[in-house]
1. For Glu121 and Cys36, calculate 0.36 nm times their separation in residues minus their Cα-Cα distance, and state this gained length in nm to one decimal.
2. Using Cα atoms only, what is the angle between the long axis of helix 40-66 and the major principal axis of the chain, expressed in degrees (0 to 90) to the nearest 10?
3. How large is the helix-only mean residue ellipticity at 222 nm for the chain, computed as the sum of -39500 (n - 2.57) over DSSP H runs with n ≥ 4, divided by its residue count, in deg cm²/dmol to the nearest 500?
4. From the convex hull of the Cα coordinates of the chain, what is the mean projected area in square nanometres?
5. Full extension from Asn110 to Lys128: what is 0.36 nm times the residue separation minus their Cα-Cα distance, to one decimal in nm?
Amino acid sequence: MDLFNIFTIFNIIFIIVIGLFILNWINHMDLIKCNCSNNNSKVFIKAWWFFLILYYSSILIIYVLTNNNQSLSDFIQFNNIILSMNLIIGIVAVIMVIITYNYINNLKKNNCNCSSSKSQELLFLYSKINIAIIVIVVIIFILFLIYYVYI
């Protein structure tokens, strides 16, 4: 098993675990009837992570059921439908990271105590890290564009 395949498996499992973690936090707020946490962002975040969990679980199930000799990373890499979906998911994920960050930031600004938990702090940190990664990727992309335009 190559390093890229291990990274792919780890990444999919990580996304599913984070998604379950987020859904658990949101469901907990629903159970305790945390009214200050109710807005459209919460609905979008919940739907998004539910979709991601189903999507990546489906990829794993299809991969196992096809019983081919490819690694998981090759299965994803050479499947045009999955590649196309991953591109769309990547674009939407950037938007959802920003929505998640703003949602948690607003909960903190509005002193929504019923939403406060270690889960909220971890998700806020997770959102900050993702935003930093997005900014770094955009800066690198712009630098490459500048480099290739002026050479």
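Every read-out reported here was derived from the displayed coordinates using simple, explicitly stated rules and does not represent laboratory data. None of the values given here were measured: they were computed from a predicted structure.
1. Roughly 28.9 nm would be gained on extension.
2. Around 30 degrees separate the two axes.
3. That comes out to -29000 deg cm²/dmol.
4. For the Cα atoms of the chain, the hull's average projected area reads 11.7 nm².
5. Gain on extension, Asn110 to Lys128, equals 4.6 nm.
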